[in-house]
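The block underneath contains the structure these notes are about, expressed in structure tokens.
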Amino acid sequence: MQEDKLYEYAVIRLVPKVEREEFFNIGLVLFSKREKYIRIEFAICPKKFEVMHCKIDFEDIQQNLESFEKVANGAKDGGEIAKLEIPERFRWLTAVRSSVVQTSRPHPGKSKNLDETFERLFEELVR
């Protein structure tokens, strides 16, 4: 029997007007220290982007998210943070910040299959 794997996840949010604290979910990052697992995905709904009356350039958001992805995946061109171990990269990605791309506080869980859990959470929280 497969044992449960401990994990943490955070929802990635777009906060077009930081001072108003309004946001919508655009992605998810999930990690498991013991499994040395980290996964990140994002999907921005153009209709939600329009509804929020974003004066932010869509391309700037895409670049910001690509940087998040490089850090999470430990990409060679992801800068110094991307060179850290997975737990440190996850902590950096989920640190409190006042920018247009933020994350929720990390939430813990247990799963037998981290990829399936990621897919389920992504569907429930982002799509």
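Details
- Leading residue by the ranking (modelled with the lowest pLDDT) among those in segment 53-69 that are loosely packed, with under 11 Cβ neighbours inside 10 Å and outside any helix (DSSP H, G or I): HIS53
- When residues in segment 23-52 are screened for being surrounded by 13 or more Cβ atoms within 10 Å (Cβ to Cβ), more than 18 Å from ASN73 (Cβ to Cβ) and over 10 Å from the mean Cα position of the chain (by Cα), 7 of them pass.
- Test: PHE49 is out of contact with any Lys or Arg (no Cβ under 9 Å at 6 or more places or on another chain) and of a type in the set (Phe, Trp, Tyr): yes
- Number of positions in segment 98-112 that are surrounded by 13 or more Cβ atoms within 10 Å (Cβ to Cβ), modelled with pLDDT under 95 and assigned to a loop (DSSP other than H, G, I, E, B): 1
The values are calculated or read from the model by the stated rules, or taken from the named source; none is laboratory data. Here the structure is a predicted model, which is why all the values come from computation and not from measurement. Neighbour counts run over all protein chains shown; Cβ positions are idealised from the backbone, glycine included.
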